[in-house]
Amino acid sequence: MQSNLRHIARRFLRHRAAAVCLVILTVLILAALLAPWISPYGPTKVTKDFSKGPSAEHLLGTDQSGRDVLSRLLYAMRTSLTVGLMATLISTAVGVLLGLLSGYFSGWVDRCIMAFTDMVMSFPYILLVLVAAAIFEPGMWSIILILGFVDWPGVARLVRGNVLSLRETNFFKADIAAGMPRRYILFSEILPNTIAPVLVYATSVFAISILDEAALSFLGMGVLPPTPSLGNMLNGAQSITILTSKPWLWVPAGSLIILLVVCINFVGDALRDALDPRNDR
Amino acid sequence: MAESAPVISVEQLAMTYRDGLTGRRRTRAVDGVSFQIYEGETFGVVGESGCGKSTLARMLMLLERPTEGSVTLNGQRLDTLSGRELAALRPKFQMVFQDSGSSLNPRKRVYDIITEPMLYHHVCERSEAAQRVKALLGLVGLPEGVADRYPHEFSGGQRQRVCLARALSLDPDIVILDEPVSALDVSVQAQILNLLRDLKETRRMTSLFVAHGLAAVHYVSDRIAVMYLGRIVETGSADDVFHRPAHPYTRALLDASPSADYAERGRKRIVLAGEAGGEDWSNGCAFCTRCPFRTEGCERDLSMKALGGGHFSACTRALNGGTGA
């Protein structure tokens, strides 16, 4: 196992861009985690300056309510990363479970689960999220649950396909031939062999969730102010005057979203290559 | 041997696959196969690709339910059992597969691969597991240190040994070996074949050995059945079938293998034309379309003709003094 991990690390580091992205991501996550200690002001603290440009006191300026943009940005990253992470965890857990069941029990169980999966997949995504956000009380946790519900079909299909191919392997047949119980075959034999592709897929779900949270909050259906999120910080950019004359109100948040999503995707790509032993040369 | 009850007994076993939208197109992969295997015996099944020998092995393991016929293990009929009853009996008949690469879970150590089924079926206690793994690895000729390794660290031959150790770990009454050496290098094949012979001698291992090379089957088996398109065309003691083949197909199989003996090179061979299958042969001898000795009406006689000493052949020519040269 030790040598296995070293092999994975070596294959990962062959992707230079991904290695850089991993460093950036680590710094950003640390900054988000340490926000209460490193941010110069509280996220909702109102100072005497309103809509001021960057200065020594406020490195990234202040917003229309006089709050420090840098401080809000750090806290917003906390919110966005939490939403992304939790939504990914929920959708991955649901997807893995349904995918396992669907792939293992062929027949009517499979048909029911797949029909439901296709149904969820065929809904116009953003519309579903908007309707759900309108029905439930907007807030961080409803966003997490909504995104978690929307993202699982991809995972379920991925896992189902994997299980179907694992069913053809001889070690699966040997387990059947040895009369091993279902729970052993499912969780001890099949599940560990689907972890790698799921992990890779989860990174892209993570990135998409961050984008979706930003989109929803931008539309005012997501995380509600005064709690900062990367999306609702961009909300102000809906006004032309801010867009043209007060770039410090939207450029930092926008760039941070781009940076997070690009980095996560690069890391995911490298992870896919790193986890595949066939790439060892 | 014939006096005691057989370990496994197969009666009129058949498997019909249906394809097409309405299931009207049928492929009869195995067509009415019967035989018995007695304790301590190795029964070899030979035949070309597609003759149904692997389907036969899978049916014996109940990995596929036969469409007709019965499989009886130690007097207990297996094919009519429910899934739960069958699972409880499964340790008694184990299998080794052809492709050793996919036979072992790549994420588990050999130790876990071997012990998990044993512990589940209470073949041994957790405290004795290490001791048993050591003994089993010794039995299949692997050093005990390999228990901590992962499958990808082994060669094909070593993996096949691990598979054999896993199969033997449950103390089975019979081991079904489905082309266990076909994917290995020739030198490694010989090692595995020797191992199988040793296991038969030292542990009185009962097995069904499936392969497509008659020489390998002759080397490890006591009795041999030759299959052609789903049916057994000749069966008998290993020496009878190998040295005194009575069915033209067996002759052709023997003639097809190259010989290192210079004097043998000029021998007269039966070389088969065309490929197996295709025509409708459901009511007659499946081999008649390729048979060089075909005579008027011979293809309609499908009965197994006794040649003495447990040697049987489906060919009418067998009665008239062999296949001739």
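Observations on the structure shown:
- Residue by residue, the stretch B:86-98 carries 3J(HN,Hα) couplings of 5, 4, 5, 8, 4, x, 6, 9, 10, 9, 10, 9, 5 Hz when phi is fed to the Karplus relation 6.51 cos²θ - 1.76 cosθ + 1.60 (θ = phi - 60°); x denotes Gly or Pro.
- Mean partner shielding of peptide A:164-177, defined as the number of other chain Cβ atoms within 10 Å of each residue Cβ, is 6.
- Inter-chain neighbour count for A:191-198: the average number of beta-carbon atoms from partner chains within 10 Å of each residue's beta-carbon is 1.
- The phi-based Karplus calculation (6.51 cos²θ - 1.76 cosθ + 1.60; θ = phi - 60°) puts the 3J(HN,Hα) values of the stretch B:237-253 at 5, 4, 5, 4, 5, 7, 9, 10, x, 9, 9, x, 5, 4, 4, 5, 4 Hz, whole numbers, x for Gly and Pro.
- Computed over the protein assembly as shown, the P(r) tail beyond 34 angstrom holds 58 percent of alpha carbon pairs.
- Expressed to the nearest 5 percent, the antiparallel share of DSSP beta bridges inside chain B is 60 percent.
- Protein-only accessible surface order, largest first, of B:163, B:291 at 1.4 Å: B:291, B:163
- Among A:74, A:249, A:259, residue whose mean-square fluctuation peaks in a GNM of chain A (springs only between Cα atoms under 10 Å): A:259
- Using R0 = 30 Å, the C-beta based FRET efficiency linking residue A:119 and residue A:89 works out to 0.85.
- Here residue A:48 is the anchor, and the lysines within straight C-alpha reach of less than 27 Å, apart from those fewer than 8 places off in the same chain, are A:246.
- Nearest 10 degrees, 0 to 90: helix B:186-203 Cα axis against chain B principal axis: 70
- The shape of the stretch A:83-125 comes out oblate: with a ≥ b ≥ c from the C-alpha gyration tensor, a/c is at least 1.5 while a/b does not beat b/c.
- Kyte-Doolittle at least -0.5, axis length at least 24 Å by Cα - qualifying DSSP helices, chain A: A:16-33, A:69-104, A:140-166, A:191-218, A:251-275
- Under 5 Å, built H, 5+ apart or other chain: amide partners of residue B:223: B:42, B:44, B:238
- 5 Å binning of all Cα-Cα separations within the stretch A:48-111, expressed as whole percents from 0 upward: 4, 16, 13, 11, 8, 8, 7, 7, 6, 5, 6, 5, 3, 0
- For chain A, the carbon plus sulfur part of the accessible surface works out to 70%, probe radius 1.4 Å.
- Furthest towards positive pole of dipole, A:19, B:195, B:254, structure part the protein assembly as shown, Cβ charges: A:19
- Residue-averaged [θ]222 nm for the protein assembly as shown, counting only DSSP H segments that reach four residues, each worth -39500 (n - 2.57): -15500 deg cm²/dmol
- Residues whose placed amide H lies under 5 Å from that of residue B:74, excluding near-sequence neighbours: B:8, B:9
- The stretch A:138-180 and the stretch B:147-199 have Cα centres spaced 33 Å apart.
- Subset of B:92/B:134; B:108/B:134; B:108/B:200; A:173/B:108; B:53/B:92 violating a 24 Å alpha-carbon distance limit: B:108/B:200
- Relative packing of peptides A:165-176, B:295-306 - highest average C-beta neighbours within 10 Å first: A:165-176, B:295-306
- Considering only B:262, B:17, B:120, the Gaussian network model of chain B with Cα springs below 10 Å gives its largest mean-square fluctuation to B:262.
- Inter-centroid distance (Cα atoms) of the stretch B:92-109 relative to the stretch A:11-64, Å: 52
- Within a straight-line Cα-Cα reach of under 12 Å, residue A:45 can be paired with the following aspartates and glutamates, leaving aside sequence neighbours fewer than 8 residues apart in one chain: A:63, A:68.
- A cut-off under 13 angstrom between Cβ atoms defines the neighbours of residue B:211, and their net charge, with Lys, Arg +1 and Asp, Glu -1, is -2.
- Partner aspartates and glutamates for residue B:305 [C-alpha distance under 15 Å; skip if fewer than 8 residues away on the same chain]: B:234, B:240
- Peptide B:85-96 is shielded by partner chain Cβ atoms: per residue, an average of 3 of them sit within 10 Å of its Cβ.
- Choice from B:119, B:139, B:60 showing the highest fluctuation, given a GNM over chain B with Cα pairs closer than 10 Å: B:119
- When peptides A:53-65, B:235-247 are ranked by their average number of other Cβ atoms within 10 Å per residue, the highest-first order is B:235-247, A:53-65.
- Counted charge near residue B:180, where neighbours are those whose Cβ lies closer than 15 Å (Asp, Glu -1; Lys, Arg +1): +3
The values are calculated or read from the model by the stated rules, or taken from the named source; none is laboratory data. The structure presented is a predicted model; accordingly, all values stated were derived computationally and were not measured. Positions of Cβ are generated from backbone atoms using ideal geometry, with glycine treated the same way; all protein chains shown enter the neighbour counts. When the accessible area is computed, the model is the full protein with side chains, heavy atoms only, and any ligands, DNA or RNA have been set aside. Shrake-Rupley method; radii C 1.70, N 1.55, O 1.52, S 1.80 Å.
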